[in-house]
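A.B. asks: Please find one structure pasted underneath; my questions will follow.
None of the figures in this text is laboratory data; all of them are computed from the coordinates on show. Worth saying up front: this structure is predicted, and the values here are computed from it rather than measured. Note: ideal-geometry Cβ built from the backbone for every residue, glycine included; neighbour counts use all protein chains shown.
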Amino acid sequence: MRTRPILSLTLLLFISLFLLAYPVYVIRPFRYQGPRELAAALLIIQYRPILEILCAAAALFILILAWRSVKPLRKVGLAILTVFVVAFAALSRINIYEKMFHPLDLPTFSAASQTKLDPAEQVIAVQVNGIARAYPIRDISYHHIVNDTFAGRAIVATY
């Protein structure tokens with residue numbers, strides 16, 4: 001009976017951590033996402049806010065119910081587990097992809113003869129008045145958008 005609150009909070013902690021970490025693991029840059037795991041990650045993202053709130057509420061409820069009946073050292077453990085569950089719930093509200101994938105505002109360029117691009121490298125090419133620039137897909141796959149000024153014009157390269 002004494003270990004039941006700790007086991008329950010530990011289970012809630014692992015559920016909270018999974019809900020937070022799995023989508024980040026699957027949808028990280030420069031990694032192939034299989035269709036099933038991507039579908040699972042997107043489903044988790046869709047329902048994660050309510051599930052994390054339920055985990056946090058359950059953790060707080062367990063902490064309150066168990067508080068009077070456990071020894072002081074166990075109270076510390078229960079409180080720490082609850083804090084982590086609530087913290088994971090709060091962190092799940094942050095759109096990490098918005099933080100990760102921000103526009104590239106000041107791209108730098110080299111002459112084509114000086115680049116170290118693989119011949120099979122895919123690029124987005126822009127040509128204006130006989131002047132050309134290439135934006136490697138590998139580089140903009142992280143940013144998704146490149147804001148640039150080219151031939152006196154503001155342009156956006158994206159895919």
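A.B. asks: For the chain, compute Rh as the Kirkwood radius over C-alpha pairs and then the Stokes-Einstein diffusion coefficient at 10 °C and 1.306 mPa s; write the answer in µm²/s, rounded to an integer.
C.D. replies: D = 82 µm²/s.
A.B. asks: Between Ile50 and Asn147, how high is the FRET efficiency from 1/(1 + (r/R0)^6) when r is the Cβ-Cβ distance and R₀ = 35 Å? Nearest 0.05.
C.D. replies: Once rounded, the FRET efficiency stands at 0.45.
A.B. asks: Could you work out how much longer the chain between Leu117 and Thr158 gets when fully extended? Use 0.36 nm per residue separation minus the Cα distance between them, nm to one decimal. Could you put the intermediate results ahead of the total?
C.D. replies: Values: separation 41, 0.36 × 41 = 14.76 nm, distance 1.91 nm.
Length gained between Leu117 and Thr158: 12.9 nm.
A.B. asks: Next question. Taking only the C-alpha atoms, wrap a convex hull around the range 112-158 and report its volume per residue in Å³ as a whole number.
C.D. replies: Details: hull volume 3.8 nm³, N = 47.
So the per-residue hull volume is 82 Å³.
A.B. asks: On to the next question. What is the dipole size for the chain, taken about its Cα centre, with +1 at each Lys and Arg Cβ and -1 at each Asp and Glu Cβ, in debye to the nearest 20?
C.D. replies: Numbers: 16 positive and 8 negative charges, 212 e Å.
So the magnitude is around 1020 debye.
A.B. asks: Looking at the chain, identify the longest residue range that excludes and avoids all trypsin sites (Lys or Arg not before Pro) in DSSP loops having at most 16 other Cβ atoms within 10 Å.
C.D. replies: Counting only loop sites that pass the neighbour cut-off, the longest clear stretch is 32-92.
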